[in-house]
Amino acid sequence: KVAIKGIERELICPACKELFTHPLILPCQHNICHKCVKEILFAFEDSFADGGSESSNQSSPRIRISASSMDRIDRINRSGIKRNSLTPRSTLFPCPSCQRDIDLGERGINGLFRNFTLETIVERYRQAARAAVAIMCDFCKPPPQESTKSCMDCSASYCNECFKIHHPWGTVKAQHEYVGPTTNFRPKILMCPEHEMEKVNMYCEICRRPVCHLCKLGGSHANHRVTTMSTAYKTLKEKLSKDIEYLISKESQVKAHITQLDLLLKETECNSERAKQEASQSFEKLYHVLEEKQSAALRAIETSKNIRLEKLQTQVEEYQGLLENNGLVGYAQEVLKETDPSCFVQTAKQLHVRIQKATESLKSFRPAAETTFEDFVVDIAKQEDILGDLSFHSNGLEIPEINEEQSKMYNKALISWECPGKTDSADIYVLEYHKLNKEEESVTWQKIEVCGKSKVLSDLDDDSSYAFRVRGYKGSICSPWSREVIMRTPPAPVFSFLFDDKCGYNNEHLQLNPRRTSVESRAGFPLLLGSERLHVGCFTTLDYIIGDTGIAKGKHFWAFTVEAYSYLVKVGVVPSNKIQKLFHNTHDVTSPRYEQDSGHDSGSEDAFFDSSQPCTLVTLGMKKFFIPATPAAPKDPASRILPLPSCLGICLDCDRGRVGFYDAGRMKCLYECEVDCSGLMYPAFALMGGAAVHLEEAVTAKYREYHDDI
């Protein structure tokens with residue numbers, strides 16, 4: 001038999017790190033104290049109410065919630081049936097053992113089974129640990145006597161005298177079951193937590209838990225495979241016995257593994273010490289290089305200081321000589337006292353030259369040396385970046401690559417990356433980014449730790465370019481930085497709207513999806529019927545649709561995609577006072593007579609464009625983007641045709657009265673023109689033939705998870 005004191009590790013609650021007290025069995029088959037479950041659920045509710053602040057976790061000193069669990073607060077605040085203030089509302093529980101989110105169901109904690117077997121083993125361990133501490137009788141008058149029996153029906157302990165008094169012969173109590181002294185009282189019959197009046201008599205093989213016949217008939221286990229309790233008991237006991245016998249038979253192998261692990265522990269200690277020494281030596285080399293550089297820099301500064309001081313001191317002495325009765329002036333005054341002309345001329349010539357130089361130096365005074373040491377400032381910005389990236393590099397950790405196709409700049413920035421080998425070898429990733437600014441000399445990277453392979457950023461400035469890079473970490477080992485990727489944010493805040501299914505919407509030709517984010521024009525039977533009524537040489541009408549929200553002021557941006565198979569699509573803006581004209585415009589029927597670029601009525605093309613078009617639109621179709629024929633546009637028609645971008649954007653500036661059409665993938669303006677913003681401005685779209693337009697979906701915190709699920 002295994003010694004009872006050798007199994008303490010199996011009797012410790014993973015939450016409070018103490019011996020189990022009233023352990024409950026979670027759906028994942030792990031155990032936890034009843035009190036710990038309630039404390040963790042209450043802590044999560046408090047954390048959610050306080051916005052996930054760290055201060056909300058201090059209510060229970062026994063429980064420490066991990067950072068990974070805190071990240072799941074928003075997924076764990078589902079409510080069950082509220083019974084009273086002592087019952088937590090949360091029904092999604094993070095198991096401390098396996099870190100999985102366990103759904104406790106509608107009944108919450110009340111739906112969990114109490115593990116009486118584990119509770120009994122814990123009680124035996126406690127008794128073995130405190131053999132000298134006796135269990136006293138619950139009914140003796142003070143001082144109480146040591147108990148000799150415990151009644152399982154009364155859930156109390158008795159000495160011999162008290163047991164006879166409370167369990168007299170010939171009464172029902174005399175039939176009660178009694179055992180040796182214990183504090184662990186368990187019910188004789190295990191009742192169903194969902195149907196409290198029913199005892200469990202079956203075992204659900206799917207959920208791996210005991211159930212009653214009501215659970216099977218109409219409860220949550222109605223369609224599950226169940227077996228009788230006796231069969232489950234026999235089967236599980238046989239399996240457990242066989243597995244235990246197998247482990248016991250492999251005792252020598254287990255001991256060999258333990259010996260090997262002991263060697264690995266020692267080897268790990270030795271290798272870690274060796275790695276520390278090597279790291280220390282590497283840093284000592286850096287210290288030595290820095291000390292040499294420091295000494296050389298200080299020597300250079302000291303030498304330059306001495307030379308400058310010497311020059312300045314010499315200049316001071318020269319100027320002191322210009323004072324009366326001092327130096328050069330005093331000498332010149334003495335020479336002037338000479339009366340012999342020949343002697344005076346002999347001495348005064350050279351003296352006059354020196355006096356002239358001194359006079360010139362007074363007129364243009366300039367110090368002989370600079371006082372600043374700007375040339376001796378050490379620039380360590382690059383070295384700081386290099387030292388900041390100093391870490392353990394491993395050839396086995398792959399360099400991540402930012403996926404520009406999956407990354408997206410819209411209302412928020414979505415940055416996605418992947419490893420070339422398609423293996424998630426890193427435990428955590430560090431994403432760094434900074435705004436590109438030519439005026440800034442030094443670059444300051446902003447750093448974010450990410451557990452997954454994508455991150456949504458919401459603090460970026462509009463109409464700005466950012467550089468992104470990412471690296472992976474596995475413990476203290478990191479990969480090199482990925483290639484920097486530059487992306488640009490939209491030129492203005494993103495404007496959200498849906499297609500309007502009421503104002504002028506033609507449901508015979510256009511079809512909206514249920515979310516009103518996509519519109520499709522089908523060249524089907526209704527279009528043929530419409531074409532039949534038209535004259536020869538005249539084409540079908542455009543079907544217009546607008547956004548359901550207008551813009552009164554400010555600068556706004558929205559994006560959309562046009563299917564590659566689209567024949568003709570027009571996109572732009574329309575003022576509210578011209579919406580009716582848009583949907584009842586007789587010139588929507590285009591023909592060779594009215595085609596702007598057809599050559600007919602060429603003298604009045606510009607006038608026709610201004611008077612006949614109630615809104616500002618550009619033409620797309622057949623995988624091309626057509627720049628409108630304006631006086632500022634190129635004369636050559638071929639130069640006005642551009643490839644159709646995968647995603648298009650429109651930027652409306654009501655304050656300046658301008659609208660721009662963008663390649664939303666690169667945030668590059670393709671065409672810009674003036675627009676009348678006197679009224680509310682609405683996004684406008686027109687389709688003809690087979691065509692489809694999809695509004696760009698806003699980036700949210702769950703954007704990648706949603707699309708990965710799809």
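Things worth noting here:
- Rounded to whole Hz, the Karplus (6.51, -1.76, 1.60) HN-Hα couplings of region 454-466, x for glycine and proline: 7, 8, 9, 10, 10, 10, 8, 7, 6, 6, 9, 9, 10
- Between ILE258 and TYR565, the distance separating the two model label sites (each 7 Å from Cα on the Cα→Cβ line) works out to 7.0 nm.
- Estimated distance in nm for a label pair at LEU362 and LYS623, the labels positioned 7 Å out from Cα along Cα-to-Cβ: 8.8 nm
- Here the simple spin-label model places points 7 Å from the Cα toward Cβ, and for ALA296 and SER576 these points are separated by 7.2 nm.
- ³J(HN,Hα), Karplus 6.51/-1.76/1.60, whole Hz, each residue of region 487-500, x for Gly, Pro: 10, 10, 7, x, x, 7, x, 6, 9, 9, 7, 10, 5, 7
- Per-residue extension of 0.36 nm, minus the Cα-Cα distance of THR120 and CYS207, leaves a gain of 28.9 nm for this segment.
- Relative to the Cα centre, the charge distribution of region 433-502, modelled as +1 at Lys and Arg Cβ and -1 at Asp and Glu Cβ, gives a dipole magnitude of about 580 debye.
- Highest average first, the peptides 665-674, 407-416 ordered by how many other beta carbon atoms sit within 10 Å of their residues are 407-416, 665-674.
- Residue ranges 162-173, 452-463 sort as 452-463, 162-173 when ordered by packing (mean number of other C-beta atoms within 10 Å per residue, highest first).
- Taking 0.36 nm per residue of separation and subtracting the current Cα-Cα distance, fully stretching the chain between GLU267 and HIS34 would add 79.7 nm.
- Per residue, region 231-363 exposes 86 Å² of accessible surface when a 1.4 Å probe is rolled over the protein heavy atoms with every protein chain present.
- In region 231-363, Cα pairs under 8 Å separated by at least six residues give a relative contact order of 8 percent.
- Shown here is the pair-distance distribution of region 401-488: with all Cα-Cα distances grouped in 10 Å bins from zero up to the longest one, the shares run 16, 52, 27, 6, 0 percent.
- Backbone amide hydrogens, once placed in the peptide plane, bring ARG658 within less than 5 Å of ASP653, VAL675, excluding anything fewer than 5 places away on its chain.
- Neighbour-limited loop hits for GluC sites (Glu not before Pro), region 340-422 (at most 13 other Cβ within 10 Å; DSSP other than H, G, I, E, B): GLU370, GLU405
- Carbon and sulfur %, accessible surface of region 231-363 computed with the full protein complex present, 1.4 Å: 58 percent
- Cross-link pairs exceeding 27 Å in C-alpha to C-alpha distance, out of LYS623/LYS668; LYS382/LYS453; LYS555/LYS581; LYS242/LYS266; LYS38/LYS474; LYS38/LYS234, comprise LYS382/LYS453; LYS242/LYS266; LYS38/LYS474; LYS38/LYS234.
- Whole-number percent relative contact order across region 401-488, with pairs defined as alpha carbons under 8 Å at least 6 apart: 34 percent
- Ordering of 305-311, 544-550 by burial proxy (mean other Cβ atoms within 10 Å per residue, highest first): 544-550, 305-311
- Derived scalar couplings between HN and Hα for region 512-520 equal 9, 7, x, 7, 6, 10, 9, 10, 9 Hz in order, rounded to whole Hz, by the Karplus curve 6.51 cos²θ - 1.76 cosθ + 1.60 (θ = phi - 60°), x for Gly and Pro.
- Additional length obtainable on full extension of the chain from LEU312 to ARG107, 0.36 nm per residue less Cα span: 64.8 nm
- Region 231-363: mean projected area of Cα convex hull, nm²: 21.0 nm²
The values are calculated or read from the model by the stated rules, or taken from the named source; none is laboratory data. Keep in mind the model is a prediction, meaning the values are calculated, not measured. Using ideal geometry, Cβ is built from the backbone for each residue, glycine included, and neighbour counts are taken over all protein chains shown. In case anyone asks, the SASA skips ligands and DNA or RNA and just uses the protein heavy atoms, side chains included. Shrake-Rupley method; radii C 1.70, N 1.55, O 1.52, S 1.80 Å.
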